[in-house]
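All remarks here apply to the structure that follows.
The values are calculated or read from the model by the stated rules, or taken from the named source; none is laboratory data. Because the structure is predicted, anything quoted here is derived from the model rather than measured. A quick note on method: Cβ atoms are made from the backbone with ideal geometry, for glycine too, and the neighbour counts reach across all protein chains shown.
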Amino acid sequence: MTHRTDAGSTPPDPATMTGLEVLRAVRDSPEHGPSIGRFLGMELEAVEEGRATFVIAARPEYANPLGSLHGGIYATVLDSAMACAVHSRLGAGVRYGTLEMKINFLRTVPTDGSLLRATGTVVHLGRSTALAEGTITDERGRVVAHGTETCMIYG
């Protein structure tokens, strides 16, 4: 999880930048990224048009009562990957929001600090809605969760 940072850099202005430009600025200067990412220690590892990848460590404080990774962490990182994949395809000033999300939890994940990678990809981008899908993989490359998401697009 290495990023280029520019001390004293200016936060991105989403009103004047394309979604891809905003996300690249967040990737390169994570201090300007969404506070949920900083709070959870989630980092935007890679972004290109129609695809975004986040990494997060499965930390002990993310455990559910059974001691494995809480489903809310899966949901948050997968939502971020899929929604940012959609964002990467949007023009300057175009906004979006998640309408619905579905997740299949395929494997339990221990909260041992291992890295998880969530990748979202745009399946369809229309004028008013977009569909994305995503997976979370563990350090061994096994899929631990899969999801789909519909986003509303509005200007």
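Anything in the range 57-80 that is assigned to a helix (DSSP H, G or I) and exposed (fewer than 15 other Cβ atoms within 10 Å of the Cβ)? List them, or say none. Steps first, answer last, please.
Start the filter on the range 57-80 by keeping residues that are assigned to a helix (DSSP H, G or I), which leaves 60-62, 71-80.
Of everything in the range 57-80, those that are assigned to a helix (DSSP H, G or I) and exposed (fewer than 15 other Cβ atoms within 10 Å of the Cβ) turn out to be Pro60, Glu61, Gly71, Gly72.
Could you give every pair whose Cβ atoms fall below 9 Å, whose first residue belongs to the range 1-29 and is within 25 Å of Leu115 (Cβ to Cβ) and of a type in the set (Lys, Arg), and whose second residue is at pLDDT below 80 and surrounded by 12 or more Cβ atoms within 10 Å (Cβ to Cβ), counting only separations of at least 6 or pairs across chains?
Hits for this filter: Arg24/Pro12; Arg27/His3; Arg27/Gly33.
Looking for whichever is closer than 20 Å to Thr150 by Cβ and touching a strand residue (DSSP E or B) at 6+ places or on another chain (Cβ under 8 Å) here; the options are Leu78, Leu20, Leu44. Which one fits? Let's see the steps before the verdict.
Values: Leu20 fails: closer than 20 Å to Thr150 by Cβ; Leu44 fails: closer than 20 Å to Thr150 by Cβ.
After ruling out the rest, the residue left standing is Leu78.
Does the range 38-56 hold any residues that are within 12 Å of Ala118 (Cβ to Cβ) and assigned to a helix (DSSP H, G or I), and which are they? Write out each step before concluding.
Of the residues in the range 38-56, the ones within 12 Å of Ala118 (Cβ to Cβ) are 40, 42-46, 51-56.
Passing the criteria: only Leu40.
Name the residues in the range 138-147 that are part of a strand (DSSP E or B) and surrounded by fewer than 17 Cβ atoms within 10 Å (Cβ to Cβ), would you?
Of all residues in the range 138-147, those part of a strand (DSSP E or B) come to 143-147.
Across the range 138-147, the qualifying residues are Val143, His146.
Which residue pairs have Cβ atoms under 8 Å apart, sit 6 or more places apart or on different chains, and have a first residue in the range 108-124 that is of a type in the set (D, E, K, R) and at pLDDT 95 or above and a second that is in a strand (DSSP E or B) and surrounded by 13 or more Cβ atoms within 10 Å (Cβ to Cβ)?
If the second residue must be in a strand (DSSP E or B) and surrounded by 13 or more Cβ atoms within 10 Å (Cβ to Cβ), the pairs left are Arg117/Glu45; Arg117/Thr53; Arg117/Phe54; Arg117/Val55; Arg117/Ile136; Arg117/Thr137.
Is there a residue being under 17 Å from the mean Cα position of the chain (by Cα) and of a type outside the set (A, V, I, L, M, F, W, C) anywhere in the range 105-116?
Scanning the range 105-116, I find no residue that is under 17 Å from the mean Cα position of the chain (by Cα) and of a type outside the set (A, V, I, L, M, F, W, C), so the answer is no.
Among residues belonging to the range 117-155 that are hydrophobic (A, V, I, L, M, F, W, C) and under 22 Å from Arg59 (Cβ atoms), point out the one that is nearest to the chain's Cα centre (by Cα). Steps first, answer last, please.
So the first thing to find is which residues in the range 117-155 are hydrophobic (A, V, I, L, M, F, W, C), and the list is 118, 122-123, 125, 130-132, 136, 143-145, 151-153.
Keeping just the survivors that are under 22 Å from Arg59 (Cβ atoms) gives 118, 136, 143-145.
Details: Ala118: 7, Ile136: 10, Val143: 16, Val144: 15, Ala145: 14 Å.
Among them, the one singled out is Ala118.
Hey, any hits in the range 48-67 for a residue that's within 18 Å of Arg24 (Cβ to Cβ), of a type in the set (Lys, Arg) and touching a Leu at 6+ places or on another chain (Cβ under 6 Å)? Steps first, answer last, please.
First, the residues of the range 48-67 that are within 18 Å of Arg24 (Cβ to Cβ): 48-55.
Adding the requirement that they be of a type in the set (Lys, Arg) leaves 51.
Still in the list and also touching a Leu at 6+ places or on another chain (Cβ under 6 Å): none.
No, that holds for no residue.
Test of understanding: among Ala85, Ala130, Ala92, which residue is under 21 Å from Gly155 (Cα atoms), of a type in the set (A, V, I, L, M, F, W, C) and part of a helix (DSSP H, G or I)?
Working: Ala130 fails: part of a helix (DSSP H, G or I); Ala92 fails: part of a helix (DSSP H, G or I).
Within the list Ala85, Ala130, Ala92, the selection yields Ala85.
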